[in-house]
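Q: My questions will all concern the structure given below.
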Amino acid sequence: MEAVGTALAAGRVPEAVFVAAEAEGSGEVRAVAARALAAGSRVFTLAPGVAGRVADTVTPHPIFGVFAMTDVALRELARPTLAVACVDVRDPGNAGTVLRTCDAAGVEAVLFCGSTVDPYNPKTVRASAGSLFHVPLSVVEVAEALHWLRAAGLAVYATSPEGTDYTTVDLARPCALVFGNEAAGLPAAVATEADALVAIPMAGRAESLNVAVSCAVLCFEAARQRRVGRPAGASGPAA
């Protein structure tokens, strides 16, 4: 229900909406269905028990929507000042959380590259909590993504344990943050193409951070720097 309501609020009109018979008495469900109908969608009521059989979750939502895909070709994206590229990110929950994080941090373009999970995987859609309908998204090959980012004038920062402390890197400039596979990290060819390698120093014994957590740390540092005008590790007055 939350995803359908979020999509409608973002101006996305579902091709069809399906309401579980057991939820027809809910005022909230009726309100979302009415909004979908007013927007031009078709609304259907499912027979009792059907929602539980077609959903892939133990506790299904009482209302489902069928929407057109939201990703666009690179040429249709506006030139961003902050972009995120995921390369071979396989976990759908991570990918969805990356979309949600990028939405919250004001990222203007998200690129799903290489063998990154399908953004329309049901777990990715749920983990995005509706942000799939907000964030400009493109599904592209890695080489095409890097070429486009450079042509757009963005500095390309690749995440790596061997990189520079992220708090000392200028993330206020137009830039792209590139994240790799949960287990293997970024392919060497991608890391070598970057303008700089960026790392998140860790004090404990954990080998690495979850890719979605890393994305949150770096994206919100970029947002912070854009507010104050300098990296946290820089000295002297803010510009």
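Q: Being over 17 Å from residue 112 (Cα atoms), at pLDDT below 95 and in contact with an Asp or Glu (Cβ under 7 Å, 6 or more places away or on another chain) is the requirement here; does residue 201 meet it?
A: Yes.
Q: Only residues that are of a type in the set (Lys, Arg) and either within 20 Å of residue 198 (Cα to Cα) or at pLDDT 95 or above (or both): list them for region 104-158, please.
A: 150
Q: Select from region 158-180 the residues that are touching a residue at least 60 places away in the same chain (Cβ under 8 Å), crowded, with 19+ Cβ neighbours inside 10 Å and not β-branched (Val, Ile, Thr) and list them in ascending order.
A: 171, 175, 176, 177, 179, 180
Q: Still on this structure, please answer the following. Check whether at least one residue in region 56-66 is among the β-branched types (Val, Ile, Thr), buried (at least 19 other Cβ atoms within 10 Å of the Cβ) and more than 27 Å from residue 182 (Cα to Cα), and report yes or no.
A: yes
Q: Test residue 213 against the criterion of being assigned by TED's automatic domain parsing to the domain that holds residue 98 and crowded, with 23+ Cβ neighbours inside 10 Å, and give yes or no.
A: Numbers: assigned by TED's automatic domain parsing to the domain that holds residue 98: yes; crowded, with 23+ Cβ neighbours inside 10 Å: no.
Here the answer is no, as residue 213 does not meet what is asked.
Q: Hey, among 79, 53, 42, 12, which residue is out of contact with any Leu (no Cβ under 8 Å at 6 or more places or on another chain), without any contact (Cβ under 8 Å) to a residue 12 or more places away in the chain and farther than 23 Å from residue 210 by Cβ?
A: Details: 79 fails: without any contact (Cβ under 8 Å) to a residue 12 or more places away in the chain; 42 fails: without any contact (Cβ under 8 Å) to a residue 12 or more places away in the chain; 12 fails: without any contact (Cβ under 8 Å) to a residue 12 or more places away in the chain.
Being out of contact with any Leu (no Cβ under 8 Å at 6 or more places or on another chain), without any contact (Cβ under 8 Å) to a residue 12 or more places away in the chain and farther than 23 Å from residue 210 by Cβ holds for just one of 79, 53, 42, 12, which is 53.
Q: State the number of residues belonging to region 44-76 that are of a type in the set (Val, Ile, Thr), closer than 26 Å to residue 138 by Cβ and part of a loop (DSSP other than H, G, I, E, B).
A: Quick first cut of region 44-76, residues of a type in the set (Val, Ile, Thr) only: 45, 50, 54, 57-59, 63, 66, 70, 72.
Checking the rest, the ones that are also closer than 26 Å to residue 138 by Cβ come to 66, 70, 72.
Narrowing the set further to residues that are part of a loop (DSSP other than H, G, I, E, B) leaves 70, 72.
Residues that pass the stated criteria total 2.
Q: What do you reckon, is residue 107 in a loop (DSSP other than H, G, I, E, B), in contact with a Pro (Cβ under 7 Å, 6 or more places away or on another chain) and farther than 30 Å from residue 21 by Cβ? I'd like the intermediate steps shown before the answer.
A: Values: in a loop (DSSP other than H, G, I, E, B): yes; in contact with a Pro (Cβ under 7 Å, 6 or more places away or on another chain): no; farther than 30 Å from residue 21 by Cβ: yes.
When the stated conditions are applied, residue 107 does not pass them.
Q: Got at least one residue in region 95-103 being surrounded by fewer than 19 Cβ atoms within 10 Å (Cβ to Cβ), under 13 Å from residue 177 (Cα atoms) and assigned by TED's automatic domain parsing to the domain that holds residue 221?
A: No, because not a single residue in region 95-103 is surrounded by fewer than 19 Cβ atoms within 10 Å (Cβ to Cβ), under 13 Å from residue 177 (Cα atoms) and assigned by TED's automatic domain parsing to the domain that holds residue 221.
Q: In region 23-38, what count of residues is obtained for those that are small (Gly, Ala, Ser) and either within 21 Å of residue 49 (Cα to Cα) or in contact with a strand residue (DSSP E or B) (Cβ under 8 Å, 6 or more places away or on another chain) (or both)?
A: Qualifying residue count for the region: 6.
Q: Right, another one. Looking at (1) of a type outside the set (Gly, Ala, Ser); (2) assigned by TED's automatic domain parsing to the domain that holds residue 158; (3) not in a loop (DSSP other than H, G, I, E, B), find the lone condition where residue 79 falls short.
A: It fails just one condition, (3).
Q: In addition: Could you list all residues from region 64-96 that are in contact with an Asp or Glu (Cβ under 9 Å, 6 or more places away or on another chain) and within 30 Å of residue 34 (Cα to Cα)?
A: 65, 66, 67, 68
Q: Within region 125-239, which strands (runs of 3 or more DSSP E) (wholly inside it) include 3 or more residues that are under 27 Å from residue 69 (Cβ atoms)? Can you show your working first?
A: Working: elements: 137-140, 155-165, 175-179, 196-199.
Ranges flagged: 137-140, 175-179.
Q: How many residues does region 14-48 hold that are small (Gly, Ala, Ser), exposed (fewer than 11 other Cβ atoms within 10 Å of the Cβ) and at pLDDT below 90?
A: 3
The values are calculated or read from the model by the stated rules, or taken from the named source; none is laboratory data. Keep in mind the model is a prediction, meaning the values are calculated, not measured. Cβ: placed from backbone, ideal geometry, glycine included. Neighbour counts: every protein chain shown.
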